[in-house]
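Q: Dropping a structure here in structure tokens format, bear with me for questions.
Each reported figure results from applying straightforward, stated rules to the coordinates on display, with no laboratory input. Predicted model, so just to flag it, every value in this text is computed and none were measured. A quick note on method: Cβ atoms are made from the backbone with ideal geometry, for glycine too, and the neighbour counts reach across all protein chains shown.
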Amino acid sequence: MKRTTLLLALFIIPFVGWAQETEEELKSQLGATKDSIAAIQERADALQTQIDELPGWKIGAFGTVGFNVSQFSNWYSQETPNVSAGNVGITFNGFANLKREKDFWINSVNVNLTWVKFDDKDDPTDDSSFQEATDVFNISSLYGRKIAKNFAGSALVEYRSTLLNNFNDPGYLDAGFGITWTPIPDLIVVVHPINYNFVFADDDVIFNSSLGLKILIDYTKSIGDLNFKSNLSAFQSYKSNNLSNWTWINSLGYTFWKGIGIGFEFGLRGNQQEALSNAFANMIDTDPTPTFNSIDTDIQSFWLLGLNYTF
């Protein structure tokens, strides 16, 4: 018996030592492989940067689809035990940019549409259809003629409104010229001291056009499967601060399989003319007449989280 045990020990000990040595060798090879992958990725990113800086057209788009549908039957713990609810949202961000040695032309579009449904089965008078919730439409075109490496004289046309409801009521069209600064390939800073903000609306008492300063900051970046876009558009009226407005929209998308991934978008807006118009729409006969000075100008906001698609 002792002889048998000794023989087994002599057989197993070299095997264990060989297995440990092999594991260490494999871990060493794995580390070297990861270092090689990182070096390859670094070279690939450098090449992509050079490609992005080449002159010519660059066209792309990405967006997000979010949805949530639910139905309750005889769920007595809630106020409406029989209800069907849901929301559907779609965002789209597209660009078409032309960069050349002496000039550039940058075009972008942003659309965000959301529908919401809440159908109380026990209330035959309620609206059971999907209704518009978020409705954003922005399109801009910027042309610049370079006067230095990172500076250009530029002209901008930008339009903002809604698509599903009250199209062009109100609608905002900015047109002007000034200077554009491009410190890095993905960042654009537009400062146009001569800009006219055309405002289109049925109510020409609240909504008024004016001359002012236009500032637009846009950052669009793609890093591997990650797409990011941040756009701030602001107008400061020379006539009155009540006629100024700003909109800031941020979009993020990560692709994990064949163009499909996770996307998130949120936006903020400040607009006193829209706030006053909303106050008039919701006032009752006994309320005092709202004015710019009497209303609370809350910041408008929206966000959407859902599946992302990239073209």
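Q: Can you tally the net charge around Pro193? Count Lys and Arg as +1, Asp and Glu as -1, for every other residue whose Cβ sits under 15 Å from the Cβ of Pro193.
A: Net charge around Pro193: +1.
Q: Follow-up question, since we're still on this one. Using the Karplus curve 6.51 cos²θ - 1.76 cosθ + 1.60 with θ = phi - 60°, work out ³J(HN,Hα) for each residue of segment 290-304 in order, rounded to whole Hz, and write x for Gly and Pro.
A: Those phi angles translate into x, 9, 4, 7, 9, 8, 8, 8, 6, 6, 7, 8, 8, 8, 9 Hz.
Q: Do any of Lys149/Lys221; Lys58/Lys258; Lys146/Lys258 go past 29 Å between their Cα atoms, and which?
A: Over 29 Å Cα-Cα: Lys146/Lys258.
Q: What number comes out for the charge environment of Asp169, summing +1 per Lys or Arg and -1 per Asp or Glu over other residues with Cβ under 13 Å away?
A: Overall, the nearby charge balance is -4.
Q: In segment 235-311, what trypsin sites (Lys or Arg not before Pro) fall in a loop by DSSP, with at most 12 other Cβ atoms inside 10 Å?
A: Loop-located and lightly packed - Lys258.
Q: Starting at the first residue of segment 155-162, write each ³J(HN,Hα) from the Karplus equation 6.51 cos²θ - 1.76 cosθ + 1.60 with θ = phi - 60°, in whole Hz, x for Gly and Pro.
A: 10, 10, 10, 9, 10, 9, 6, 10
Q: Residues with beta-carbon under 12 Å from that of Asn227, excluding Asn227: net charge, scoring Lys, Arg +1 and Asp, Glu -1?
A: Net of charged neighbours comes to -1.
Q: Now for a different question. Pop out the ³J(HN,Hα) list for segment 89-94 in order, Karplus 6.51 cos²θ - 1.76 cosθ + 1.60 with θ = phi - 60°, rounded to Hz; leave Gly and Pro as x.
A: 3J(HN,Hα) across segment 89-94, in whole Hz: x, 9, 10, 9, 10, x.
Q: Let me ask something else. Rounded, prolate or oblate: pick one for segment 57-310, where a ≥ b ≥ c are the square roots of the eigenvalues of its C-alpha gyration tensor, a/c under 1.5 means rounded, and failing that, prolate if a/b is larger than b/c, else oblate.
A: Oblate shape, in that a/c is at least 1.5 and b/c is the bigger or equal ratio.
Q: For segment 79-111, which trypsin sites (Lys or Arg not before Pro) are both in a DSSP coil and crowded by at most 15 other Cβ atoms within 10 Å?
A: Answer by residue number: Arg100, Lys102.
Q: Once amide H atoms are placed 1.01 Å from N in the peptide plane, what residues at a sequence separation of 5 or more from Tyr238, or on another chain, have their amide H within under 5 Å of its amide H?
A: HN-HN under 5 Å from Tyr238: Leu211, Gly212, Leu213.
Q: According to the square roots a ≥ b ≥ c of the eigenvalues of the Cα gyration tensor, what is the shape class of segment 210-311, taking rounded for a/c under 1.5, prolate for a/b larger than b/c otherwise, and oblate for the remainder?
A: Verdict is oblate for segment 210-311.
Q: Further, regarding this structure: Count neighbours as other Cβ atoms within 10 Å of each site's Cβ, and list the chymotrypsin sites (Phe, Trp or Tyr not before Pro) in segment 96-151 that are DSSP loop with at most 15 such neighbours.
A: Taking segment 96-151 and a limit of 15 other Cβ atoms within 10 Å, the loop chymotrypsin sites (Phe, Trp or Tyr not before Pro) found are Phe130.
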